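The values are calculated or read from the model by the stated rules, or taken from the named source; none is laboratory data. Note that this is a predicted model, so its numbers are computed, not measured. Note: ideal-geometry Cβ built from the backbone for every residue, glycine included; neighbour counts use all protein chains shown.
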Amino acid sequence: MIVFDHVSKIYPNGTVGLDDVNLTIQDGEFVAIIGRSGAGKSTLLRAVNRMHDISKGTLTVNDTNVSGLRGKALRHFRREIGMVFQSFNLVSRTTVIRNVLSARVPEMPFWRVLLGAFRKEDKITALESLDKVGILDKAYIRADQLSGGQQQRVALARTLAQKPKIILADEPVAALDPVTAKQVMEDFVRINKEMGISILLNIHHVELAIEYADRIIGIRAGKIVYDGPSKEVDQAV
Ligand code: ADP
Ligand code: ADP
């Protein structure tokens, strides 16, 4: 469960990123955050896994007050939260499976993953994750040989290998063509419904949010301006 209680984020230069946000997201929800560029969508996501600190209020994730986390506790906390980005963030010159393994063994230096120094159980988890997103057959192909949609599935598999409770996705389909974007959104739905992982996803395509998410949160100038079922968003916004 994610609870924003009167949360504000003011950047050091004075820009207001979030303005008194109150929000509760239950386990297993699929929530899309919509809003124009600069509305505060990324600021909201980055607060959840403590990529940055909030300025006011309290943010609780799975009963943990996020602001108090330091060192080892923070690293452990982040492992329960997967991240997916617009630009995939893969290591392009190595295989798909080694990219996925890099999440499974975060405490291991990446050069050891490259040398193949990983445990069998980690490898099994990596292959299972690739299977979940339908690209098991690409495991031993170099990441930069894949299409954009396939690369985003690798990124999704890398996140799944972490066995997260929550996945945060920052504009995961913005760089994809419309057909591929829908396929990746369907992957998110499957992961959400079959594995029970909560999904919190930023997206500027309102139609995709309505089609695939269960709940939509609209944000404007750091304030929540809509929060409700995705099917009713048309009448409300
Ligand atoms: P969105 O993801 O909806 O496009 P952001 O969360 O990135 O919006 O940005 C919200 C507001 O915070 C914008 O006015 C943006 O310019 C500002 N902002 C984002 N990051 C920073 C930063 N590091 N320093 C100062 N202002 C920032
Ligand atoms: P998708 O169905 O995910 O959109 P594409 O139609 O873009 O995939 O690609 C079809 C096939 O071409 C895929 O099997 C992919 O592996 C391969 N492919 C795409 N881009 C490249 C590339 N730059 N180099 C080699 N193979 C590629």
Check your understanding: Has region 224-236 got at least one residue that is at pLDDT 95 or above and basic (Lys, Arg)?
Key -> no
Review point. List the pairs whose first member sits in region 1-19 and is on the phi > 0 side of the Ramachandran plot, whose second member is surrounded by fewer than 17 Cβ atoms within 10 Å (Cβ to Cβ) and of a type in the set (Lys, Arg), and whose Cβ atoms are under 8 Å apart, counting only residues at least 6 apart or on separate chains?
Key: His6/Lys56
Check your understanding: Do any residues in region 140-165 that are without any contact (Cβ under 8 Å) to a residue 24 or more places away in the chain have Cβ atoms under 7 Å from those of residues that are not in a loop (DSSP other than H, G, I, E, B), where the two are at least six apart or on different chains, and which pairs are they?
Key -> Gln150/Lys138
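Quick check on region 136-156. Is at least one of its residues within 16 Å of ligand 2 (Cβ to nearest atom), among the aliphatic types (A, V, I, L, M) and touching a Lys or Arg at 6+ places or on another chain (Cβ under 7 Å)? So that I can check it myself, show each step before the final result.
Of the residues in region 136-156, the ones within 16 Å of ligand 2 (Cβ to nearest atom) are 136-156.
Within this subset, residues satisfying the condition of being among the aliphatic types (A, V, I, L, M) are 136, 139, 141, 143, 146, 154-156.
With touching a Lys or Arg at 6+ places or on another chain (Cβ under 7 Å) added as a condition, the list becomes 146.
Yes, the conditions are met somewhere in region 136-156.
For Ile167, are the conditions met, namely being touching a Ser or Thr at 6+ places or on another chain (Cβ under 7 Å) and not in a helix (DSSP H, G or I)?
Details: touching a Ser or Thr at 6+ places or on another chain (Cβ under 7 Å): yes; not in a helix (DSSP H, G or I): yes.
Answer is yes for this residue.
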Revision key, fill the gap. Across region 160-174, the tally of residues that are surrounded by fewer than 24 Cβ atoms within 10 Å (Cβ to Cβ) and out of contact with any Asp or Glu (no Cβ under 9 Å at 6 or more places or on another chain) stands at 3
Check your understanding: Can you tell me which residue in region 20-41 is farthest from ligand 1 (Cβ to nearest atom), limited to those that are under 13 Å from the mean Cα position of the chain (by Cα) and either closer than 13 Å to Lys223 by Cα or without any contact (Cβ under 8 Å) to a residue 24 or more places away in the chain (or both)?
Key -> Ile33
Revision key, fill the gap. All-but-one check, Lys41 against (1) surrounded by fewer than 16 Cβ atoms within 10 Å (Cβ to Cβ); (2) within 26 Å of Lys193 (Cβ to Cβ); (3) not aliphatic (A, V, I, L, M), failing number (1)
Point to revise | Index of the failed condition, Asn49 passing every other in (1) away from ligand 1 (no atom under 13 Å from the Cβ); (2) at pLDDT 95 or above | key: (2)
